[in-house]
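In what follows, a single structure is set out as structure tokens and then discussed.
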Amino acid sequence: MSKVIVVTSGKGGVGKTTSSAAIATGLASKGLKTAVIDFDVGLRNLDLIMGVERRVVYDFVNVINGEATLKQAMIKDKRVDNLFILPASQTRDKDALTEDGVESVINELKADGFDYIVCDSPAGIEKGAFMALYFADEAIVVTNPEVSSVRDSDRILGILQSRSKVAEEGGSVKEHLLVTRYSPERVEGGDMLSVEDIVEILSIPLLGVIPESGSVLQASNSGSPVILDEASTAGMAYSDAIDRFLGEDVPHRFMNVEKKGFFKKLFG
């Protein structure tokens, strides 16, 4: 049975699109047929992070408006089987997304046998973000370890619990917390909220903690989801998060300050 996952947050710049790309790639790498949709109409970054910007001919809005078929607009990833990208439009505004149009695309993906449909939400609570979360079965709420980001994520949780289609029908969207750009050293120095603080404030299960890492920017600039960089701490953390999402019991890493041994202290 197909599941719709929204990757969301209240604040911009927390790593939603990076996380959407990593999550979709990770699911597809497990043999699950996965589509990732960019809901950020007018800006469009997912295609850049996925490295398919030169292959975009038609987009999400073209499909909704009947100007192209879904198969024409979907881009098959060349590195990972079972992974498909539906880019956003750069030339339309967010009002181009309609509830009926989005539902039609999602239903077609379900009919085509997709296991997971990952919706990369724009920041905030405007129309594009609402459209991304409305049809969600599960939500991955992305937050940085800072007060403003956590507060805005709490607001998004309120919308998921009251205005999503599942909520309107009397159910609840399954929620997961993903903490990004985490630095144990800065937490220890009092410059960041701890994971424990964030979990206490938001009261949703912790899916993963992604450490601050230069590999994230490098991966984005090279058009390759960071989860494919298996040597990086961020890539490993996203892989762990995928395993947890799929039901495995995987301990959390990268949450504590690394204690340096004698030779590390001596040689750096």
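Side notes on the structure shown:
- A residue that is out of contact with any Asp or Glu (no Cβ under 8 Å at 6 or more places or on another chain), surrounded by 15 or more Cβ atoms within 10 Å (Cβ to Cβ) and farther than 17 Å from residue 18 by Cα occurs somewhere in region 135-145.
Conditions (1) in contact with a Ser or Thr (Cβ under 6 Å, 6 or more places away or on another chain); (2) among the aliphatic types (A, V, I, L, M); (3) open to solvent by 10 Å² or more (accessible area, probe 1.4 Å), marked per residue:
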site	(1), (2), (3)
149	yes, no, no
152	no, no, yes
163	no, no, yes
174	no, no, yes
177	no, yes, no
190	no, no, yes
197	no, no, yes
211	yes, no, yes
217	no, yes, yes
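- Some residue of region 11-29 being under 30 Å from residue 154 (Cβ atoms), at pLDDT 95 or above and open to solvent by 50 Å² or more (accessible area, probe 1.4 Å): no
- In region 105-132, the residues that are open to solvent by less than 70 Å² (accessible area, probe 1.4 Å) and more than 25 Å from residue 31 (Cα to Cα): 122, 123, 124, 126, 128, 129, 130, 131
- Residue among 52, 61, 41 that alone is open to solvent by less than 70 Å² (accessible area, probe 1.4 Å), in contact (Cβ under 8 Å) with a residue 40 or more places away in the chain and within 20 Å of residue 112 (Cβ to Cβ): 52
- In summary, residue 181 fulfils each of the numbered conditions (1) open to solvent by 40 Å² or more (accessible area, probe 1.4 Å); (2) free of Cβ contacts under 8 Å to residues at least 40 places away in the same chain; (3) touching a strand residue (DSSP E or B) at 6+ places or on another chain (Cβ under 9 Å); (4) farther than 15 Å from residue 139 by Cβ with the single exception of condition (2).
- Residues of region 92-104 that are surrounded by fewer than 19 Cβ atoms within 10 Å (Cβ to Cβ), within 22 Å of residue 72 (Cα to Cα) and touching a residue at least 24 places away in the same chain (Cβ under 8 Å): 92, 93, 98, 99, 101, 103, 104.
- Taking the criterion of being in contact with a Ser or Thr (Cβ under 6 Å, 6 or more places away or on another chain) and modelled with pLDDT of 95 or more, the residues of region 40-50 that qualify are 46, 49.
- Those residues of region 75-90 which are surrounded by 17 or more Cβ atoms within 10 Å (Cβ to Cβ) and touching an Asp or Glu at 6+ places or on another chain (Cβ under 9 Å), in sequence order: 75, 82, 83, 84, 85, 86, 87, 88, 89
The values are calculated or read from the model by the stated rules, or taken from the named source; none is laboratory data. All values reported here derive from a predicted model rather than from experimental measurement. Cβ atoms come from the backbone with ideal geometry, glycine included; neighbour counts cover every protein chain shown. Accessible surface areas use protein heavy atoms only, side chains included; no ligands, DNA or RNA. Shrake-Rupley method; radii C 1.70, N 1.55, O 1.52, S 1.80 Å.
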